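The values are calculated or read from the model by the stated rules, or taken from the named source; none is laboratory data. Because the structure is predicted, anything quoted here is derived from the model rather than measured. Counting neighbours? That spans all protein chains shown, and the Cβs are built from the backbone with ideal geometry, glycine included.
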Amino acid sequence: MRSLITLKGLTYEPTGGLVAALTTSLPEKIGGVRNWDYRYCWLRDAALTLLTLVGAGYHEEARAWRQWLLRAIAGSSEQMQAIYGVRGERRLDEYEIPWLSGYENSKPVRIGNAASNQFQLDVYGEVLAAMWLADRAGIKMEEPDWALMVELMKFLESNWQKPDEGMWEVRGGRKHFTHSKMMAWVAFDRAVKLVEECGCAADEHLERWQKIRAQIHEEVCERGYNVEKKVFTQYFGSDALDASLLMMPLTGFLPITDERVRSTIEAIGRELMQDGLVLRYRPQEEKVDGLPGLEGAFLPCSFWLADCLRLLGRKKEARELFERLLALRNDLGLLSEEYDPRAKRQLGNFPQAFSHLALVTAARILGGETPPFRG
């Protein structure tokens with residue numbers, strides 16, 4: 001309940017836009033340069049929050065978010081951004097304020113966010129998953145929603161094969177991230193389901209979307225899986241692990257019983273764990289994000305591991321991890337983005353929507369519910 005209240009509090013009531021956090025430049029490592037401005041609306045965070053709110057019965061908030069989405073994306077689908085201002089602003093130029101010392105001398109202090117200009121392929125999957133689940137929950141698609149969906153899918157048809165900056169918004173160059181391709185599959189899968197379940201005017205696209213869905217699935221299983229290491233990797237041709245791949249069974253891309261999924265979860269539990277919590281990836285190994293220094297354990301990824309352990313039937317381990325994460329909250333029950341288990345302190349911007357929605361989802365899955373992403 002505290003996390004749901006926090007998500008509500010992060011919502012800008014006049015427009016329905018939900019910010020990722022209320023702060024800028026709180027460091028991911030004290031004294032480091034991984035300091036970002038999170039006072040904006042990420043489509044990814046908002047879509048995942050919509051899934052959480054719908055599952056908890058908060059349909060009014062879900063409707064407001066959908067209206068915000070329609071206004072923000074209005075126009076060409078080619079111009080859709082991953083990040084907007086709370087009123088739908090598109091220009092979020094990033095600059096540094098050198099005369100401020102930063103939190104505990106963590107420089108630079110940044111205003112704006114250059115990730116608004118990135119191509120993040122996974123966003124389409126999260127948006128379509130949210131639209132589909134909202135429709136199933138009774139917030140029915142209307143004509144503008146169908147038109148928006150068709151426009152988004154037309155753009156994705158021509159662009160899903162391109163490399164992108166991924167959900168971690170890397171600044172080291174675009175790659176064919178496995179998670180991004182998986183979420184492109186989710187977009188086509190949910191678009192197909194919307195058409196099949198609603199019998200709408202978009203049925204002329206159905207067969208084509210079904211073929212692309214199958215094509216993406218085949219490519220991810222072939223190019224995103226490392227046969228020697230027996231794991232799905234961070235990007236095509238890589239050896240590196242990435243905790244975003246814990247989303248595979250949560251989205252329904254592959255079942256939890258698939259040996260490739262199980263071995264990937266096991267590998268993440270072995271190689272990306274630090275003091276009982278999960279890292280996104282190991283930046284010092286791959287240099288994929290183009291930034292120096294390290295970061296803390298990423299709290300949403302730790303909740304995702306708890307989800308996967310529960311789906312694997314390892315209830316005791318899942319519960320122990322979940323309880324360990326709950327103990328990291330401050331006296332108000334709030335979480336930031338990351339945590340330093342050695343210094344025993346929260347890191348990154350605060351409070352973080354991503355962490356709280358992951359907490360709510362984990363609580364539901366540990367309680368025996370189907371992962372919200374799968375409907």
Quiz item: Hey, any hits in the stretch 262-272 for a residue that's within 13 Å of Cys308 (Cβ to Cβ), within 22 Å of the chain's Cα centre (by Cα) and not in a helix (DSSP H, G or I)?
Solution: yes
Quiz item: Looking at Phe119, is it closer than 30 Å to Gly31 by Cα and of a type outside the set (Gly, Ala, Ser)?
Solution: yes
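Just give me the residues in the stretch 49-78 being aliphatic (A, V, I, L, M) and in contact with a Cys (Cβ under 9 Å, 6 or more places away or on another chain), in sequence order.
Passing the criteria: only Ala72.
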Quiz item: If you take the residues of the stretch 84-106 that are farther than 18 Å from Ala21 by Cβ and among the acidic types (Asp, Glu), which of them is surrounded by the fewest Cβ atoms within 10 Å (Cβ to Cβ)?
Solution: Asp93
Quiz item: Here are some conditions: (1) surrounded by 22 or more Cβ atoms within 10 Å (Cβ to Cβ); (2) assigned to a helix (DSSP H, G or I); (3) within 19 Å of the chain's Cα centre (by Cα). Arg310 meets all but one. Which one does it not meet?
Solution: (3)
Self-check item: Test: Thr264 is surrounded by 20 or more Cβ atoms within 10 Å (Cβ to Cβ), of a type in the set (S, T, N, Q) and in contact with a Leu (Cβ under 6 Å, 6 or more places away or on another chain)
Solution: yes
Exercise. Would you point out the residue of the stretch 24-79, among those that are closer than 23 Å to Leu92 by Cα and of a type in the set (Val, Ile, Thr), that is surrounded by the most Cβ atoms within 10 Å (Cβ to Cβ)?
Key: Thr49
Exercise. Quickly run through the stretch 64-94 and pick out the residues that are of a type outside the set (Asp, Glu), within 21 Å of the chain's Cα centre (by Cα), within 19 Å of Gly125 (Cα to Cα) and at pLDDT below 85.
Key: Trp65, Arg66, Gln67, Trp68, Leu69, Leu70, Ala72, Ile73, Ser77, Gln79, Met80
Quiz item: Which condition number in (1) part of a loop (DSSP other than H, G, I, E, B); (2) of a type outside the set (Gly, Ala, Ser); (3) buried (at least 19 other Cβ atoms within 10 Å of the Cβ) is the one that Phe322 fails?
Solution: (1)
Quiz item: For the stretch 1-21, how many residues are surrounded by fewer than 16 Cβ atoms within 10 Å (Cβ to Cβ) and part of a loop (DSSP other than H, G, I, E, B)?
Solution: 3
Quiz prompt | Any hit, the stretch 159-169, residues being in contact (Cβ under 8 Å) with a residue 24 or more places away in the chain and outside any loop (DSSP other than H, G, I, E, B) | solution = yes
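For (1) of a type in the set (D, E, K, R); (2) at pLDDT below 95; (3) within 29 Å of Ala130 (Cβ to Cβ), each residue gets a yes or a no:
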| site | (1), (2), (3) |
| --- | --- |
| Val261 | no, no, yes |
| Asp275 | yes, yes, no |
| Trp304 | no, no, yes |
| Lys315 | yes, no, yes |
| Ala318 | no, no, yes |
| Leu321 | no, no, yes |
| Ala327 | no, no, no |
Quiz prompt | Pair list, Cβ under 8 Å, 6 or more apart: the stretch 222-234 residue β-branched (Val, Ile, Thr), other residue in a loop (DSSP other than H, G, I, E, B) and exposed (fewer than 14 other Cβ atoms within 10 Å of the Cβ) | solution = Thr233/Asp239
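Residue-wise test of (1) of a type outside the set (Ser, Thr, Tyr); (2) touching a strand residue (DSSP E or B) at 6+ places or on another chain (Cβ under 6 Å); (3) closer than 21 Å to Ala114 by Cα.
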position	(1), (2), (3)
Arg136	yes, no, no
Glu142	yes, no, no
Glu151	yes, no, no
Phe155	yes, no, no
Lys162	yes, no, yes
Glu165	yes, no, yes
Glu169	yes, no, yes
Arg174	yes, yes, yes
Phe177	yes, yes, yes
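Restricting to the stretch 263-273, what's the tally of residues that are under 21 Å from Met182 (Cα atoms) and either touching a helix residue (DSSP H, G or I) at 6+ places or on another chain (Cβ under 9 Å) or at pLDDT below 95 (or both)?
Residues meeting the conditions: 5.
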Self-check item: Residue list for the stretch 216-257, restricted to those being touching a strand residue (DSSP E or B) at 6+ places or on another chain (Cβ under 7 Å), part of a loop (DSSP other than H, G, I, E, B) and either of a type in the set (A, V, I, L, M, F, W, C) or surrounded by fewer than 18 Cβ atoms within 10 Å (Cβ to Cβ) (or both)
Solution: Asp239, Leu241
Quiz item: Restricting attention to the stretch 325-354, which residues are assigned to a loop (DSSP other than H, G, I, E, B), in contact with a strand residue (DSSP E or B) (Cβ under 6 Å, 6 or more places away or on another chain) and among the polar types (S, T, N, Q)?
Solution: Ser336
